[in-house]
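> There's a structure below that I have some questions on.
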Amino acid sequence: MIEPAALRWQDAVIAEIAILTPRVKSFRLRVGFAARFRPGQHVDVRLTAPDGYQAQRSYSIASAPDASGLIELMIERLDDGEVSGFFADIAEVGDTIELRGPIGGSFVWSAAEGGPVLLVGGGSGVVPLLAMLRHRAAAAPGVKALLLYSARTRQEVIARAELDARARDEPGFALHLALTREPGGRRIDRAAIDAALARIGAPAHVFVCGGNPFVGAVSNLLLDAGVAPALIRTERFGG
Ligand SMILES: Cc1cc2nc3c(=O)[nH]c(=O)nc-3n(C[C@H](O)[C@H](O)[C@H](O)COP(=O)(O)OP(=O)(O)OC[C@H]3O[C@@H](n4cnc5c(N)ncnc54)[C@H](O)[C@@H]3O)c2cc1C
């Protein structure tokens, strides 16, 4: 559900920028709703050129709701990308950008929904799943969760140190990486889905996020593996 305030464009100041991978940067933005959104939701960002030309894109919130006053976005530079190029090359701490949100009513998970939760992400599609994992750790650490995450190389795994630490320290959380361009690497296939399902048991919720081809392929694999369609929620980033 979208609150009326979420539809209003508002100014947000970039408070912190960090490099996460060769192509992904983290942006922490000061907003009024940092404690009031649901993990999985996104914001719309709008850029306006001096001649009035505007470009608008959606970005998932990576942070869990908290009292920091900040939300975190993680934005991957795409070749020739209009808006991601701005964030990669031009945006600086202290800049003000326009955004609206939080937006999104079905691709969300809160502690009260329980688990087990199976999360499947491709590339930057891991971002809303990170918000869910961060929320789980803070609010429902007893809920079983497994992240099956496909990235090209180990270097391109977003939040790798955090995910490794969670897998080591959080009972009930497991990380399965599918690195497509490492030696011997492979894409998420039926065997990877079966291994994830065997580890987590029958999932109560399944979230799949990434580019269009990734989400389509993974959804089909999940259905082939016998996961009920009603359990599967998807978010497509485009591409
Ligand atoms: C709900 C939602 C949440 C999103 N969350 C995130 C996020 O957390 N982090 C993030 O980095 N992106 C996210 N995206 C994607 C983002 O909205 C933009 O599409 C992306 O940043 C590209 O915009 P651009 O202006 O840089 O590229 P454009 O100038 O629009 O396109 C440049 C080229 O890239 C292609 N392209 C566009 N989008 C994609 C894509 N997603 N994958 C591959 N190729 C593409 C275009 O066809 C074109 O050839 C999300 C999208 C949606 C719908």
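The values are calculated or read from the model by the stated rules, or taken from the named source; none is laboratory data. Given the structure is predicted, the values throughout are model-derived calculations rather than measurements. Note: ideal-geometry Cβ built from the backbone for every residue, glycine included; neighbour counts use all protein chains shown. The area values use the complete protein model at the heavy-atom level, side chains included, leaving out ligands, DNA and RNA. Shrake-Rupley method; radii C 1.70, N 1.55, O 1.52, S 1.80 Å.
> State the percentage of accessible surface on segment 111-236 attributable to carbon and sulfur atoms; use a 1.4 Å probe and exclude ligands, DNA and RNA.
On the way: 2790 of 5380 Å².
The C+S portion of the solvent-accessible surface of segment 111-236 is 52 percent.
> Using the Cα centre of segment 57-134 as the reference point, and only Cβ charges (+1 on K/R, -1 on D/E), how large is the resulting charge dipole? Debye, rounded to the nearest 20.
Working: 4 positive and 11 negative charges, 77 e Å.
Its charge dipole is roughly 380 debye.
> Follow-up question, since we're still on this one. So, with +1 on the Cβ of K and R and -1 on the Cβ of D and E, and no other charges, what is the size of the charge dipole of the chain about its Cα centre, to the nearest 20 debye? It would help to have the intermediate numbers written out before the result.
Working: 26 positive and 26 negative charges, 129 e Å.
Computed about the Cα centre, the dipole is about 620 debye.
> Give the long-range amide H neighbours of HIS176: residues separated by 5 or more places, or on another chain, with amide H under 5 Å away, using H modelled in the peptide plane at 1.01 Å from N.
Answer set, sorted by chain and number: LEU147, LEU148, TYR149.
> Quick one: helix 160-169 against the long Cα principal axis of the chain, what's the angle to the nearest 10°, folded into 0 to 90?
Value to nearest ten degrees: 50.
> May I ask for the Kirkwood hydrodynamic radius of segment 111-236, worked out over all distinct Cα pairs and given in angstroms to one decimal?
Details: mean 1/r = 0.0696 Å⁻¹.
This gives a value of 14.4 Å.
> How big is the chain on each of its three principal axes, counting only the C-alpha atoms and giving the largest first in Å?
For the chain, the Cα extents along the three principal axes come out at 54, 40, 32 Å.
> Ok, one more. Mind checking which of VAL218, LEU197, LEU179 is farthest towards the positive end of segment 111-236's charge dipole, using Cβ charges of +1 (Lys, Arg) and -1 (Asp, Glu) about the Cα centre?
LEU179
> OK, next. Share of antiparallel DSSP beta bridges in the chain, in percent to the nearest 5? Walk me through the intermediate numbers first.
On the way: 29 of 52 bridges.
In the chain, approximately 55 percent of DSSP beta bridges are antiparallel ones.
> Right, another one. Per 0.36 nm of contour for each residue apart, how much would the distance between ASP169 and ASP51 grow if the chain were fully extended, relative to their Cα-Cα spacing? List each step's numbers first, then the result.
On the way: separation 118, 0.36 × 118 = 42.48 nm, distance 5.12 nm.
The ASP169-ASP51 span can extend by a further 37.4 nm.
> Moving on. What nm value, rounded to one decimal, do you get for the distance between LEU78 and ALA18 when each label is placed 7 Å out toward the C-beta?
With each label point 7 Å from Cα toward Cβ, the separation is 2.6 nm.
> I'd like to check one number: the per residue accessible area of segment 4-103, probe 1.4 Å, reported in Å² as a whole number. Intermediate results must be reported in sequence, preceding the final value.
On the way: 4880 Å² over 100 residues.
Per residue, segment 4-103 has an accessible area of 49 Å².
> Place the peptides 224-237, 127-140 in order of packing, highest mean first, counting for every residue the other Cβ atoms within 10 Å and averaging per peptide. Working shown, then result.
Values: 224-237: 14.7, 127-140: 22.7.
For the peptides 224-237, 127-140, the packing ranking is 127-140, 224-237.
> With angles folded into 0 to 90 degrees, how steeply does helix 212-224 sit against the dominant principal axis of the chain? Use alpha carbons for both and round to 10.
Once rounded, one gets 20 degrees.
> When a/c is below 1.5 the answer is rounded, else prolate if a/b is larger than b/c, else oblate, so apply that to segment 4-103 with a ≥ b ≥ c taken from the square roots of the Cα gyration tensor eigenvalues. Before the final figure, lay out the partial values.
Numbers: a/c = 1.66, a/b = 1.22, b/c = 1.36.
Cα axes put segment 4-103 in the oblate bin.
> Please report, in Å, the Rg and the Dmax of segment 77-126, where both are computed over Cα atoms only.
16.0, 41
> Using only Cα atoms, find the angle between the long axis of helix 190-200 and the longest principal axis of the chain, and express it within 0 to 90 degrees, rounded to the nearest 10.
Approximately 90 degrees, to the nearest 10.
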